[in-house]
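Student: Input: one structure, supplied below.
The values are calculated or read from the model by the stated rules, or taken from the named source; none is laboratory data. The structure presented is a predicted model; accordingly, all values stated were derived computationally and were not measured. Here the Cβ positions follow ideal geometry from the backbone for every residue, glycine too, while neighbour counts run over all protein chains shown. Only protein heavy atoms, including side chains, enter the accessible area calculation; ligands, DNA and RNA are left aside. Shrake-Rupley method; radii C 1.70, N 1.55, O 1.52, S 1.80 Å.
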Amino acid sequence: MSRVQKLRILCIGITSFLFSCEQVQKPVSSLESQPFSKTEKLLDLDVAFNHFKKYYAPLQYKEKTLGITYDAVFSKLRAEAEASSTDQEFFNVLGKLVDSFKDGHVSVSIPGMAKYSLPLSLDYFDGHYVVVQVDANFSTDTGVSVGDELLAMDGSPSHEIASKTLEYRSFGYDRADQRFAAFKLTHRDHVTPKANQVYLDFKRASDGAQYNVMTFWKKETGIAAKPSGASIRSEITDASILLFGENTPFFYTDKARNAFNFVKVGLTEEQWRDAGEQGKPFDVFALLYRYEGKNVLLIRIPTYSIDDADLKRNVRSYELLLKAYSNLADVLVIDQTHNPGGNVEYVEELARLFMNRPGPSFAFAPRADRLWLRFVDKILTPSELGTADRQYFTNVYREIDAANERGDFLAPSIALTRRTSTIVENKAWSKPVLLLIDELCGSGGDGFPMILKGNNAAKLFGNRTAGMGGNVDSVPALPNTGATFQLTRSLFYLATPDGSLPEAAIIENNGVTPHIERAYGYSDFQDGFAKYVKDFSSAAVGLIQQ
């Protein structure tokens with residue numbers, strides 16, 4: 001088992017963030033035409049409720065911060081399930097259950113699901129649902145272009161349909177919710193199409209003229225049910241408007257390139273070999289440009305979701321690139337926007353590059369339950385586990401076990417990767433650092449800015465991160481439908497010297513706030529984000545004099 005598999009990943013991922021509970025068809029069997037009975041549905045729902053009570057780490061935290069009692073929520077949803085007359089109505093109840101936690105890590109996958117899509121994707125900017133991606137053939141046939149605004153679908157205003165999608169998934173942060181809902185306008189699950197065809201009303205970007213188009217929904221049937229209720233995740237096959245994990249920044253537009261004369265830079269294979277490395281370096285997206293008489297180096301960290309085998313190479317590539325340009329550049333801009341999170345160890349190793357002294361890193365407060373004990377026990381099983389690691393995880397096991405025996409809801413905080421909540425500096429970069437964040441940074445994308453801000457290693461620019469603070473894992477499938485939930489299994493925060501868990505430091509639903517607030521919007525989109533680049537470049541250069 002790889003280290004990533006052992007320690008799981010701190011990652012929202014595209015499919016987790018974009019809610020994977022789709023319209024469902026029953027698993028293939030001689031009874032596949034029969035809907036689930038009321039008894040089957042209620043049993044599944046009761047099992048789902050029990051999963052959340054037993055395994056969901058933020059349960060008490062959510063009740064306090066959201067001001068709700070989940071027993072009351074469960075009672076209301078059970079009544080809806082009992083009244084449901086179709087499988088789809090029952091699956092909608094499961095979606096509402098997911099939504100009630102306002103947690104971007106929580107999702108549900110159902111075997112045999114189907115989804116519907118249109119050949120375009122939308123994003124949300126200041127009340128405008130804007131086309132940001134469109135199929136070339138569809139654009140040629142209809143005239144729909146990037147930048148056009150979707151006003152209505154089948155006569156219903158876009159905002160009304162968008163708000164409907166949030167009945168089945170919400171992150172507890174309105175800016176992230178709005179952009180998620182914009183994507184769901186043309187990529188449907190619970191708000192299923194009323195008919196095969198759809199009528200779309202647009203406002204053209206070029207001249208403001210309104211026009212309409214008729215097109216058809218494309219239906220994609222999901223994967224058939226797997227044995228033993230295995231988890232099934234939906235796949236977003238097109239590049240969505242959210243651009244999670246994309247190597248190119250969203251602001252790298254023609255207008256911005258022309259305005260700032262960006263020069264792409266990177267490591268050569270010769271530089272890589274001269275440093276004693278084998279193979280090829282990771283292709284770090286990096287730009288060098290001049291602003292207000294200063295040289296600005298910009299690097300992008302698109303995702304922390306990588307394979308264990310790539311971790312060392314990737315970190316080393318960033319390290320060597322930073323050192324190669326440390327004398328030439330006056331200030332560094334790190335673009336971490338639209339980052340979906342990933343491997344905890346990768347987050348920490350990259351954070352080390354920008355720290356000049358040891359400091360606090362992740363601390364995780366896990367749910368004190370038997371599922372965590374089984375998880376830790378699997379880590380302890382391999383005979384080749386080192387002595388230090390074995391001692392550390394033995395102590396973790398004992399602490400969680402003792403907390404479980406006491407009836408504590410959460411166990412004492414643990415470090416998942418470094419065996420300590422202190423992170424040691426690397427000193428790859430010593431000049432000022434500006435980190436770009438936005439509402440589409442989640443999970444590990446919350447963790448990286450948390451570490452840099454908490455250690456005064458960078459100034460943060462942009463908008464608050466999504467606030468998805470914990471590791472995530474699946475729980476056993478529901479017995480009848482085979483639906484599988486992904487649940488948050490801990491709360492993470494910046495480690496404290498005494499190991500305490502201060503509520504104000506919890507990342508869940510709070511995210512990480514910037515030092516310099518600058519949310520981008522509709523005017524920035526129309527401007528090709530050139531003004532946004534100007535503003536963060538000005539902020540970066542301003543750090544040099546501080």
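Student: Is at least one residue of the range 495-507 hydroxyl-bearing (Ser, Thr, Tyr) and crowded, with 16+ Cβ neighbours inside 10 Å?
Tutor: No.
Student: With the checklist (1) in contact with a strand residue (DSSP E or B) (Cβ under 9 Å, 6 or more places away or on another chain); (2) free of Cβ contacts under 8 Å to residues at least 24 places away in the same chain; (3) hydroxyl-bearing (Ser, Thr, Tyr) in hand, flag the one item Thr381 doesn't pass.
Tutor: (1)
Student: Is one or more of the residues making up the range 456-471 out of contact with any strand residue (DSSP E or B) (no Cβ under 9 Å at 6 or more places or on another chain), in a helix (DSSP H, G or I) and among the small types (Gly, Ala, Ser)?
Tutor: no
Student: Further question: Return only the number of the condition from (1) part of a loop (DSSP other than H, G, I, E, B); (2) over 25 Å from Ala457 (Cα atoms); (3) modelled with pLDDT of 95 or more that Val284 does not satisfy.
Tutor: (2)
Student: Working only within the range 472-494, note down all residues that are assigned to a strand (DSSP E or B), open to solvent by 10 Å² or more (accessible area, probe 1.4 Å) and over 30 Å from Pro432 (Cα atoms).
Tutor: Answer for the range 472-494, where residues must be assigned to a strand (DSSP E or B), open to solvent by 10 Å² or more (accessible area, probe 1.4 Å) and over 30 Å from Pro432 (Cα atoms): Val472, Asp473, Ser474, Gln486.
Student: Next question, about the same structure. How many residues does the range 508-524 hold that are in a loop (DSSP other than H, G, I, E, B) and open to solvent by less than 50 Å² (accessible area, probe 1.4 Å)?
Tutor: Adding up the residues that qualify gives 9.
Student: Which residues, taken from the range 256-268, are at pLDDT 95 or above and farther than 21 Å from Phe354 by Cβ?
Tutor: Those that are at pLDDT 95 or above and farther than 21 Å from Phe354 by Cβ: Ala256, Arg257, Asn258, Ala259, Phe260, Asn261, Phe262, Val263, Lys264.
Student: With the structure loaded, tell me whether Lys459 is modelled with pLDDT under 95 and open to solvent by 50 Å² or more (accessible area, probe 1.4 Å) or whether it fails that test.
Tutor: It is false that Lys459 is modelled with pLDDT under 95 and open to solvent by 50 Å² or more (accessible area, probe 1.4 Å).
Student: Provide a single number: the residues in the range 245-264 that are within 25 Å of Cys441 (Cα to Cα), open to solvent by 20 Å² or more (accessible area, probe 1.4 Å) and not in a helix (DSSP H, G or I). Explain how you work it out, then say what you get.
Tutor: Initial filter on the range 245-264 (within 25 Å of Cys441 (Cα to Cα)): 245-257, 262, 264.
Still in the running and open to solvent by 20 Å² or more (accessible area, probe 1.4 Å): 245-248, 250, 252-255, 257, 262, 264.
Now restrict to residues that are not in a helix (DSSP H, G or I): 245-248, 250, 252-253, 262, 264.
Adding up the residues that qualify gives 9.
Student: Hey, another quick one. Looking only at helices (runs of 4 or more DSSP H) that fall completely inside the range 37-104, which ones have 2 or more residues that are over 26 Å from Ile506 (Cβ atoms) and among the polar types (S, T, N, Q)?
Tutor: The qualifying helices (runs of 4 or more DSSP H) are 87-99.
Student: Also: Within the bounds of the range 420-433, is there any residue that is in contact with an Asp or Glu (Cβ under 6 Å, 6 or more places away or on another chain) and hydroxyl-bearing (Ser, Thr, Tyr)? Even if it seems obvious, please write down each step before you answer.
Tutor: Within the range 420-433, the first condition is being in contact with an Asp or Glu (Cβ under 6 Å, 6 or more places away or on another chain), and the residues that meet it are 423, 428.
From what's left, hydroxyl-bearing (Ser, Thr, Tyr): none.
Checked the range 420-433: no residue is in contact with an Asp or Glu (Cβ under 6 Å, 6 or more places away or on another chain) and hydroxyl-bearing (Ser, Thr, Tyr).
Student: Name the single residue, out of those in the range 379-403 being over 18 Å from Thr420 (Cβ atoms) and of a type in the set (S, T, N, Q), that is modelled with the lowest pLDDT.
Tutor: Residue satisfying both the conditions and the ranking: Ser383.
Student: Can I ask one more? Quick check: is even one residue across the range 121-128 over 20 Å from Phe485 (Cα atoms) and free of Cβ contacts under 8 Å to residues at least 60 places away in the same chain?
Tutor: Taking every residue of the range 121-128 in turn, at least one turns out to be over 20 Å from Phe485 (Cα atoms) and free of Cβ contacts under 8 Å to residues at least 60 places away in the same chain.
Student: Working carefully through the options Leu434, Leu452, find the one that is part of a strand (DSSP E or B) and in contact with a strand residue (DSSP E or B) (Cβ under 8 Å, 6 or more places away or on another chain).
Tutor: Residue meeting the stated conditions: Leu434.
Student: Turning to a different aspect of this structure: Please enumerate the residues belonging to the range 342-367 that are out of contact with any Asp or Glu (no Cβ under 6 Å at 6 or more places or on another chain) and of a type in the set (Ser, Thr, Tyr).
Tutor: The one that is out of contact with any Asp or Glu (no Cβ under 6 Å at 6 or more places or on another chain) and of a type in the set (Ser, Thr, Tyr): Tyr346.
Student: Right, here's the next one. Tell me whether the range 343-360 contains one or more residues that are part of a loop (DSSP other than H, G, I, E, B), aromatic (Phe, Trp, Tyr), crowded, with 22+ Cβ neighbours inside 10 Å and at pLDDT 95 or above.
Tutor: So far as the range 343-360 goes, yes, one or more of its residues are part of a loop (DSSP other than H, G, I, E, B), aromatic (Phe, Trp, Tyr), crowded, with 22+ Cβ neighbours inside 10 Å and at pLDDT 95 or above.
Student: Please enumerate the residues belonging to the range 379-413 that are outside any helix (DSSP H, G or I), crowded, with 17+ Cβ neighbours inside 10 Å and not polar (S, T, N, Q).
Tutor: Listed by number, the residues that qualify are Leu410, Ala411, Pro412.
Student: Given the residues Lys64, Lys38, Lys76, which is the only one that is at pLDDT 95 or above, open to solvent by 40 Å² or more (accessible area, probe 1.4 Å), in contact with a helix residue (DSSP H, G or I) (Cβ under 8 Å, 6 or more places away or on another chain) and not aliphatic (A, V, I, L, M)?
Tutor: Among Lys64, Lys38, Lys76, only Lys38 is at pLDDT 95 or above, open to solvent by 40 Å² or more (accessible area, probe 1.4 Å), in contact with a helix residue (DSSP H, G or I) (Cβ under 8 Å, 6 or more places away or on another chain) and not aliphatic (A, V, I, L, M).
Student: Tally time: how many residues in the range 79-95 are open to solvent by 60 Å² or more (accessible area, probe 1.4 Å) and in contact (Cβ under 8 Å) with a residue 60 or more places away in the chain?
Tutor: 0
Student: Now for a separate question. Quick check on the range 313-331. Is at least one of its residues part of a strand (DSSP E or B), open to solvent by less than 50 Å² (accessible area, probe 1.4 Å), touching a residue at least 12 places away in the same chain (Cβ under 8 Å) and under 26 Å from Gln526 (Cα atoms)?
Tutor: Within the range 313-331 (the criterion being part of a strand (DSSP E or B), open to solvent by less than 50 Å² (accessible area, probe 1.4 Å), touching a residue at least 12 places away in the same chain (Cβ under 8 Å) and under 26 Å from Gln526 (Cα atoms)), the answer is no, since none of the residues qualifies.
Student: Quick one: is Lys427 within 22 Å of Ile334 (Cβ to Cβ), open to solvent by 50 Å² or more (accessible area, probe 1.4 Å) and modelled with pLDDT under 90?
Tutor: yes
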